[in-house]
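To start, the structure itself, in structure tokens.
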């Protein structure tokens, strides 16, 4: 449905990718715990490797949960599908887009 | 009986209420002579609403200038007498606890600025409606709204002398993350056409949800020793009854004017019910978590003031016009046993960046919650608080070390769960012109997909912080940019307010103990 | 038995409650008493500071009854000083009475 407006109505997104330079926004959604009330959002370089993403962004956030077990294996999802990222791959290589949400839970 | 006045002789001198109202709203209107009527009222066509007869508008209150001024003055007089007495008697020391004021901090930061927004926009309606009846009703409401803003400021300014979090609310409103929820809601309404605004604020907010927002809130103030807020609340609510009438009259008027209006109005009800309902999330947690002495749970309040009064009463009435209950109302009903817990758990872990403090519920409070929410609390939320209790014993305190993903429409962190699945966080994704947008619920996604051009502009606090637009990259940078000071944010226990409260209560106890000691000596 | 329940439900649906919420204060007590007297089917509920009065279908506030209770002249506009909220529709607000009822 078009906006009902007195004049032309076309304004840019305030969160568009170009506002973040070489970086992008990426959220992580903890699917097996309610300890974190909502998914967390990071700003991460597109060229950042999966290992760096985990060590520098994911772990420092996740370990605030007293039950966080660094040794536990985790499963990941992206765009609703299982996702098996390798440490050396960059977020861009992995197909993680601006504002994408990566789901995670401890492997069964 | 002897006191009963002899009245009839006296009253016949005056015109009847009906005649006075007619004289004001009809007799003072005129037809333009040197411009066309649509030039005089240029904003009335573009939304597609058709009005054939503006004179059909009836204001049941039949308010005239003289009675409006007389009663508003009386209301102010009563309020300011209470404020004065409370301040002179150091009334703040008789609150149940200083933590009670966290609810008032959220109120002055998040609600008071909305009153000002409403004042401005009802003034716009008072200019732009083509009928004198609705113009006058909008004018009164515009004056009411600025009175509410002023009386709220005066009511809470006494607390600001002694407590944190209330010193910078106008700037907080424009900048702080959780305040973007009420701010974006209201700006969404302000940027609509005049008729949509009327349905958005006059009907959906003022009629459908105002009881839920203010009535339990006033009882909460009364029950927690906050006489000024109770009196202010009463003073404002009595105007609110008039606003509800305007909202209801507005919707009936639009529906009766043209059959083609029905579909447009239904769309607005669907949208604005959900937008307004999402804002009430902040109130839900106030009732269940921020009031030291509880009045009623959010669930009870929702059942009484929304399900019973609105769904059971009002919508049966509107069915006559072909209006259906709001879309997604079932999702709201399913949420009533979850909402306050989810929201407070979120505020608890992000209050390091807020203009209020939070604390873990005591065991007694947890028991009250278990009893008020027998089907959900013990299953989903009590375990989180028990875990947090251990965490605190071990020297922790759950503060999230990051920023939450936000809903593109309501701007609340994505804390809500899928209807009927209380442990599955909801994630809705829409794509528009190559960019993806996330929403927290069926309701918000429906609203986004209906007008993506509007919602893609959202100034989402987390996205803006990460863009570097909010003072800098670290939490202290952002807090400084928010204009928050030491003592405003974080954990309540050990906070400045808490320490002062304990000291002041101790002094009071020492004062009363002293004469006895002397007498004994 | 189940028939009776069904019939009851139809009946409650046909006559929906309306209600009014009034600040509980000394000056409003006569107004509350007047409403209770003129609406014998009403139910009252107290929460801190407030009284909620509901009745099936219709609530009327009569100027005459209120004046008897307060012992002075009382114009219906003065009800604005007492009302906190209501549900239903204000059908009449005249010199002699205020009526809250659903339209349809």
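Residues in the range B:14-39 that are surrounded by 13 or more Cβ atoms within 10 Å (Cβ to Cβ), free of Cβ contacts under 8 Å to residues at least 24 places away in the same chain and within 27 Å of residue B:200 (Cβ to Cβ): none. Quick check on my filter: what residues within the range B:19-38 are within 30 Å of residue A:2 (Cα to Cα) and more than 14 Å from every other protein chain (Cβ to nearest Cβ)? Within the range B:19-38, B:36, B:37 meet the criteria.
Taken together, A:65, A:55, A:69 contain a single residue that is under 16 Å from the mean Cα position of the chain (by Cα) and farther than 23 Å from residue B:430 by Cβ, which is A:55. Taking the criterion of being free of Cβ contacts under 8 Å to residues at least 12 places away in the same chain and out of contact with any helix residue (DSSP H, G or I) (no Cβ under 8 Å at 6 or more places or on another chain), would at least one residue in the range B:397-417 satisfy it? Within the range B:397-417, not a single residue is free of Cβ contacts under 8 Å to residues at least 12 places away in the same chain and out of contact with any helix residue (DSSP H, G or I) (no Cβ under 8 Å at 6 or more places or on another chain). One residue is enough: does the range B:320-329 have a residue meeting the conditions farther than 22 Å from residue C:54 by Cα, within 14 Å of chain C (Cβ to nearest Cβ) and assigned to a helix (DSSP H, G or I)? Scanning the range B:320-329 turns up at least one residue that is farther than 22 Å from residue C:54 by Cα, within 14 Å of chain C (Cβ to nearest Cβ) and assigned to a helix (DSSP H, G or I).
Looking at residue B:64, is it more than 30 Å from residue B:292 (Cβ to Cβ) and crowded, with 18+ Cβ neighbours inside 10 Å? Steps first, answer last, please.
Numbers: more than 30 Å from residue B:292 (Cβ to Cβ): yes; crowded, with 18+ Cβ neighbours inside 10 Å: yes.
So residue B:64 fits the description; yes.
Within the range B:126-154, the residues that satisfy the criterion of being farther than 19 Å from residue B:64 by Cβ, in a helix (DSSP H, G or I) and touching a helix residue (DSSP H, G or I) at 6+ places or on another chain (Cβ under 7 Å) are B:128, B:145, B:146, B:148, B:149, B:151, B:152, B:153, B:154.
Out of all the residues in the range B:418-432, which are touching a residue at least 12 places away in the same chain (Cβ under 8 Å) and more than 7 Å from chain A (Cβ to nearest Cβ)? Before you say what the answer is, go through the steps one by one.
At the first step, the residues of the range B:418-432 found to be touching a residue at least 12 places away in the same chain (Cβ under 8 Å) are B:419-420, B:422-423, B:426-428, B:430, B:432.
Hits for the range B:418-432 are B:419, B:420, B:422, B:426, B:428, B:430, B:432.
Can you name the condition, by its number, that residue A:85 falls short on among (1) part of a loop (DSSP other than H, G, I, E, B); (2) surrounded by 19 or more Cβ atoms within 10 Å (Cβ to Cβ); (3) within 8 Å of chain B (Cβ to nearest Cβ)? It is condition (3) that residue A:85 fails. Contact map, the range B:447-466: residues that are more than 7 Å from chain A (Cβ to nearest Cβ) paired with residues that are in a loop (DSSP other than H, G, I, E, B) and crowded, with 23+ Cβ neighbours inside 10 Å, Cβ distance under 7 Å, separation 6+ or inter-chain. Pairs shown: B:447/B:409; B:448/B:408; B:448/B:409; B:455/B:408; B:455/B:409.
For the range C:89-104, the set of residues classified as over 20 Å from residue B:22 (Cβ atoms) and more than 7 Å from chain B (Cβ to nearest Cβ) consists of C:100, C:101, listed by residue number.
Among the residues making up the range B:332-367, those that are part of a helix (DSSP H, G or I), in contact with a helix residue (DSSP H, G or I) (Cβ under 9 Å, 6 or more places away or on another chain) and away from every other protein chain (no Cβ under 14 Å) are B:332, B:333, B:335, B:363, B:365, B:366.
So, residue C:84, is that one more than 8 Å from every other protein chain (Cβ to nearest Cβ) and either in a strand (DSSP E or B) or in contact (Cβ under 8 Å) with a residue 12 or more places away in the chain (or both) or not? Judged against the criteria, residue C:84 is not a match. Could you please let me know if residue A:60 is within 9 Å of another protein chain (Cβ to nearest Cβ), surrounded by fewer than 18 Cβ atoms within 10 Å (Cβ to Cβ) and not in a loop (DSSP other than H, G, I, E, B)? Yes; evaluated as a whole, the condition is true for this residue.
Quick check: is even one residue across the range A:33-43 farther than 22 Å from residue B:426 by Cβ, more than 8 Å from every other protein chain (Cβ to nearest Cβ) and either surrounded by fewer than 20 Cβ atoms within 10 Å (Cβ to Cβ) or in contact with a strand residue (DSSP E or B) (Cβ under 8 Å, 6 or more places away or on another chain) (or both)? There is no residue in the range A:33-43 that is farther than 22 Å from residue B:426 by Cβ, more than 8 Å from every other protein chain (Cβ to nearest Cβ) and either surrounded by fewer than 20 Cβ atoms within 10 Å (Cβ to Cβ) or in contact with a strand residue (DSSP E or B) (Cβ under 8 Å, 6 or more places away or on another chain) (or both). Taken together, the residues in the range A:18-32 that are assigned to a strand (DSSP E or B) and crowded, with 20+ Cβ neighbours inside 10 Å amount to 6.
Do the conditions hold for residue B:218, that is, is it over 19 Å from residue B:156 (Cβ atoms) and free of Cβ contacts under 8 Å to residues at least 40 places away in the same chain? Walk me through how you get there before you give the answer.
Details: over 19 Å from residue B:156 (Cβ atoms): no; free of Cβ contacts under 8 Å to residues at least 40 places away in the same chain: yes.
So residue B:218 fails the test.
I'd like to check something: does the range B:270-290 contain any residue that is surrounded by fewer than 22 Cβ atoms within 10 Å (Cβ to Cβ), more than 14 Å from residue B:215 (Cβ to Cβ) and within 14 Å of chain C (Cβ to nearest Cβ)? No, there is no match, as no residue in the range B:270-290 is surrounded by fewer than 22 Cβ atoms within 10 Å (Cβ to Cβ), more than 14 Å from residue B:215 (Cβ to Cβ) and within 14 Å of chain C (Cβ to nearest Cβ). The helices (runs of 4 or more DSSP H) falling completely within the range B:155-221 that include 3 or more residues that are under 27 Å from residue B:297 (Cβ atoms) map to B:180-190. Of the helices (runs of 4 or more DSSP H) lying entirely inside the range B:409-521, the ones with 1 or more residues being at pLDDT 95 or above and either under 24 Å from the mean Cα position of the chain (by Cα) or under 28 Å from residue A:45 (Cα atoms) (or both) are found at B:442-450, B:452-455, B:461-467, B:475-482.
The values are calculated or read from the model by the stated rules, or taken from the named source; none is laboratory data. Just so it is clear, the structure is predicted and the values come from calculations on it, not from any experiment. Quick reminder, even Gly has a Cβ in these numbers, built from the backbone with ideal geometry, and neighbours come from all protein chains shown.
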